[in-house]
1. Hey, can you tell me all the residues within region 100-119 that are out of contact with any Lys or Arg (no Cβ under 9 Å at 6 or more places or on another chain), more than 9 Å from ligand 2 (Cβ to nearest atom) and open to solvent by 50 Å² or more (accessible area, probe 1.4 Å)?
2. Out of everything in region 84-95 that is open to solvent by 10 Å² or more (accessible area, probe 1.4 Å) and farther than 22 Å from Gln65 by Cα, what residue ends up being nearest to the chain's Cα centre (by Cα)?
3. Having 2 or more residues that are surrounded by fewer than 19 Cβ atoms within 10 Å (Cβ to Cβ) is the bar; report the helices (runs of 4 or more DSSP H) wholly within region 338-447 that clear it.
4. Looking at region 55-77, is at least one residue within 15 Å of the chain's Cα centre (by Cα), closer than 18 Å to Ala198 by Cα and either within 16 Å of ligand 1 (Cβ to nearest atom) or in contact (Cβ under 8 Å) with a residue 60 or more places away in the chain (or both)?
5. Name, by its number, the condition in (1) open to solvent by 20 Å² or more (accessible area, probe 1.4 Å); (2) closer than 23 Å to Arg76 by Cα; (3) touching a helix residue (DSSP H, G or I) at 6+ places or on another chain (Cβ under 7 Å); (4) not hydrophobic (A, V, I, L, M, F, W, C) that does not hold for Gln302.
6. What do you reckon, is His235 open to solvent by 60 Å² or more (accessible area, probe 1.4 Å), at negative phi and modelled with pLDDT under 85?
7. Please work out if Ala108 is away from ligand 1 (no atom under 12 Å from the Cβ) and touching a residue at least 40 places away in the same chain (Cβ under 8 Å).
8. Please tell me if Leu113 is under 18 Å from Met169 (Cβ atoms) and more than 16 Å from ligand 1 (Cβ to nearest atom).
Amino acid sequence: MARAKTAYVCSECGSSALQWFGSCPSCGAAGTLSETALDKPAQHRYAGKGVSSVSLNEIQTQDVQRSATGLDELDRALGGGLAPGQVILLGGDPGIGKSTLLLQAVAALPGALYVSGEESGEQVALRAKRLALAAHDVRLLAETQLERVLAALHEAAPRIAVIDSIQTMWTEALQSAPGSVAQVRECAAQLTRHAKRAGCALFMIGHVTKEGAIAGPRVLEHIVDTVLYFEGDPHSSFRLVRAVKNRFGAVNELGVFAMTDKGLKGVSNPSRLFLSRHEKPVAGSCVLATIEGTRPLLVEIQALVDSAHTPNPRRLAVGLEQNRLAMLLAVLHRHAGIATWEQDVFVNAVGGVRIGEPAADLAVCLAAVSSLSDRAISEKIIVFGEIGLAGEVRPAPRGQERLREAAKLGFEKAIVPRANQPKAKIAGLEVLTVERVDQAVQLLRDL
Ligand code: TYD
Ligand code: MG
């Protein structure tokens, strides 16, 4: 009897049906069924055929030979270059510069294949010309059909390949439209299998959906080795490449670029970017020394605290965690006697960076206090430290590096947790330590 080759699988509960339903017959969730290629049950064919496992010690390992791309900042985000067989998903908003980034990255490398499903060969060639890239060795394929792309990969056997983008690829095996979850997942899985078998480093470009996930509810993130997000404020020229998953290196590594008329240029000293230059100190601004991946970064945190005209005052955070802001305001009230329940509070991390680490707490609190009291914090002060619910200021990891970066950029004072007091003096930097949030607020008043 002929088997159906596909089934409709629910993304919530995983049950499958032979036809499409608006809601899952099993769990009732709406719109979760999507077409999926069925795996043939193959176990019985291999039973008793001597498929054996090996001891971990017996496996010969070699150091991964990483090859650099043409862009240092991209290598930094990748954890030091490309490993053979590494599969990387690059996500980002349309027009942010993903195609430009990867074209520049592979242009200098021998044996690269660029598969463009979105633009014609002519368009890609025009871009390469405009970027003045010496892309003699890059081969180009304008194609969206997976089987043909795989055939080209077999034939050309590139060391590095770019798929621009995974959403445009479609396979004959499925009936659903290109860009649907099923198509994207199946194409990505097949391309990944090829990359692993052939030892070819593979970049896949993925568009970000309105909700901010790379299309197909994170289905791709499990398949690939490395997930990079390319982000940045469309109104500014700065672009950040952030690793959020990496089987070959550290996560949260950050590569910083500036978009120019000649393409993307790496920015090797990014700290200055995230400090806005005021002519004189303004209230509500506080400089945070944060760590992004392995490197310290100084970022200006701004707060605006203004009387609310609604019964529910607004708490809004851009680039920082919203819930954490509400918690910090409660701590400020309870442990430092500063009430903001009749105030709207807005906070913002300058330059479009996103800061997830709790060591930003102290800077957020001090910026809010500064705005509320309308007293500027001297522009020569940097701050970091996590704040606990009991009002204590907890140490942040790698405090020394943060302090050294601040001293390097000409900061003169630092307000930091007691446990981050450096053992040796840092030239040019006076370090003030605090144990509780009210001490930090008091210190600001006295400065
Ligand atoms: P692109 O790489 O096509 O974005 P994506 O692939 O993410 O959709 O980049 C498009 C934008 O980049 C476009 O708005 C123009 C800008 N750009 C420059 O500013 N300078 C350049 O040299 C290039 C090639 C693009
Ligand atoms: Mg593009």
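The values are calculated or read from the model by the stated rules, or taken from the named source; none is laboratory data. A quick note: this is a predicted structure, and the numbers were derived from the prediction, not measured. Quick reminder, even Gly has a Cβ in these numbers, built from the backbone with ideal geometry, and neighbours come from all protein chains shown. When the accessible area is computed, the model is the full protein with side chains, heavy atoms only, and any ligands, DNA or RNA have been set aside. Shrake-Rupley method; radii C 1.70, N 1.55, O 1.52, S 1.80 Å.
1. Scanning region 100-119 gives a single hit, Ala108.
2. For region 84-95, the residue satisfying everything is Asp93.
3. By residue number, 399-408, 437-446.
4. No; the residues of region 55-77 include none that is within 15 Å of the chain's Cα centre (by Cα), closer than 18 Å to Ala198 by Cα and either within 16 Å of ligand 1 (Cβ to nearest atom) or in contact (Cβ under 8 Å) with a residue 60 or more places away in the chain (or both).
5. With respect to (1) open to solvent by 20 Å² or more (accessible area, probe 1.4 Å); (2) closer than 23 Å to Arg76 by Cα; (3) touching a helix residue (DSSP H, G or I) at 6+ places or on another chain (Cβ under 7 Å); (4) not hydrophobic (A, V, I, L, M, F, W, C), Gln302 is out only on (2).
6. yes
7. When the stated conditions are applied, Ala108 does not pass them.
8. In short, yes.
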